[in-house]
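Only one structure is covered here, and it is reproduced in the block below.
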Amino acid sequence: MSFDDIFKVLGEFGTYQKRVYLMQCVPQIFSAIQTCLSIFILFTPEHRCSIPFYENDTFHVQNIQHHNLLNMTIPYQEEEDLFGHKVAKYSQCDIRIPLNSSSDGYNSTVIYKCHSFVFDTTIFQSTFTTEDNLVCQRKKYIVHATMSFMAGFTVGSLLLGIMADVLGRKPAMILSVVLYIIPNISGSFVTSFEMFVVCRFLSGVSVGGLLGIGFVMGLEFVGPSKRMWAGIVIELFWASGTMLLALLAYLIRDWKYLNLVVSIPPVLFLSYIWIMPESVRWLIIKGRTDEAMDIIERAARVNKVHIPSTILQKGREEQTTPADSSCFPVFKLFSTKAMAIRSLIIFLNWTVCSMVFYGLSINVGNISGNIFLNFFFISLAELVGFLSLLFVLDRFGRRPVYIVSVVSAGVFCICTVFPVIYGSPETQWIAILLATTGKVGASAAFATVLLFSAELFPTVIRNSAMGAASFCARVGGMLSPYIVDLVESVNGDLGRALPMVVFGLGAIVSGLLAFSLPETLRENLPETIEDSIPKPRKSKPDITDVEINTTKPLINRYQTHQEKV
């Protein structure tokens, strides 16, 4: 029995489906918050070495005496701004220690790397970076902490996705909620870097599960004509979560309280144990039709529709062969040549989309200006990208919209090279505008490939396949900061231009490869591997056979006529 046939009676997006869908959407707000939280709790403010034996040292100059002490102990250094201009400022990592007078009568000094710092508290009163002194020699630890979350995101996407296909969507979702609550609340009280990294890793695992499982469950209980709305509206909750984070970070300038405020509300999601149903599609594909029919009957009562008893009875009596319960169903993606090629192209596109999506966030987040406004505008660009899809996906189809989105993002990335290399501080807004416009395209591409992939993969391995695709996306996300860091490794104009060139070319190439993917607009969701394999087109009837079949009666009539004559 095809589950999509039931929507003709049940309704494609009735009241019951909307309730279930909303239960998948709300957690995405907190998934987005945790994904972007590192931008604020690991923020590195302006800093310098603290003056030795000066107990009340502050980053800003207090008085003339303090100013003189600074000039004596903190050396100046030249740094390059975004446009390669030299600026002089107090050294962030070095301290000058005066020695005894030398033989020629002049005082000599020695420059040391310091281990005690003072920070500018104008933007944040406290971050984990300032508490654990993750600056100068320990600056690389910030990257390790960020990567720990992305690594957890990668593991959660894959393992919890497989768990959702083998044991069920609901238990995997509940486990994701538990993994969200415990480490995130605990993370506000840790004092060591190692424990902080462990908490961020487990937080990433939970977000990987919530994002992938929530998207799949929300999509599996709606009809074909409503899948586009279901696939995009859930992304609006993500965008609203990032904008909410910008507001909360602006209001709460201490990282511990900020982390607590965004970690406690998900405790309410534990109620899903009692109120959230299992995916009906998963139950049917696993042969548990009795449970599936019970949920359908409940949905029919809430939707106030009547499902004929013959359909329900047929569903209960139908013996569906349980799907393969292998612990690694994702390997079935490579069971045929066509599926293998399609899967590899999708995985590559997820990698590039994530790389560009997060890379643009990092690159724009490092520009001068207010961090809260910059982040808010980045989030607004995501919202614009998601909203634009509501007007084009069902009109033009998944494949063309995706290709246009990702290729345009690549073009805008490459275009930012020109104001970065040839521009001045007065024309910086052009680079910001191009990068933000590229973020709109990247956001639209990311949301589209998410929906596109869910419609291409069959129910029997959908969560595993989406988990594998999300795994590739996390790899792209982990690569993005290193690509942005090319500006530090390559000197001159080439270094400043190289990251955006890499993002742009990657997006364009992946978009061109997507031409080989099939369109899924208004198609039923595939249930099995066989449903996903493209069917060969029926060949036209051989012209010789047509001529023979058409002229044979005429020949017989002619022969009969001749015999009579």
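See the values below:
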{"quantity": "Efficiency of FRET from Cβ geometry, L22 and H115, R₀ 41 Å, rounded to 0.05", "calculated": "0.20"}
{"quantity": "Using alpha carbons only: equivalent-ellipsoid semi-axes of segment 88-244, gyration tensor based, whole Å", "calculated": "50, 17, 12"}
{"quantity": "Dimensionless Rg ratio for segment 217-264, taking C-alpha atoms and the 2.2 N^0.38 Å reference", "calculated": "1.63"}
{"quantity": "Solvent-accessible area of D290 with every protein chain in place, 1.4 Å probe, in Å² to the nearest 10", "calculated": "90"}
{"quantity": "Over 28 Å between alpha carbons, listed pairs K8/K332; K226/K304; K8/K286", "calculated": "K8/K332"}
{"quantity": "Alpha carbon centroid spacing (whole Å) that separates segment 188-258 from segment 271-310", "calculated": "28"}
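The values are calculated or read from the model by the stated rules, or taken from the named source; none is laboratory data. Everything numeric here is computed off the predicted structure, so don't read it as measured data. We place every Cβ from the backbone using ideal geometry, glycine too, and count neighbours over all the protein chains shown. Note: accessible area is taken over every heavy atom of the protein model, side chains too, but ligands, DNA and RNA are not part of it. Shrake-Rupley method; radii C 1.70, N 1.55, O 1.52, S 1.80 Å.
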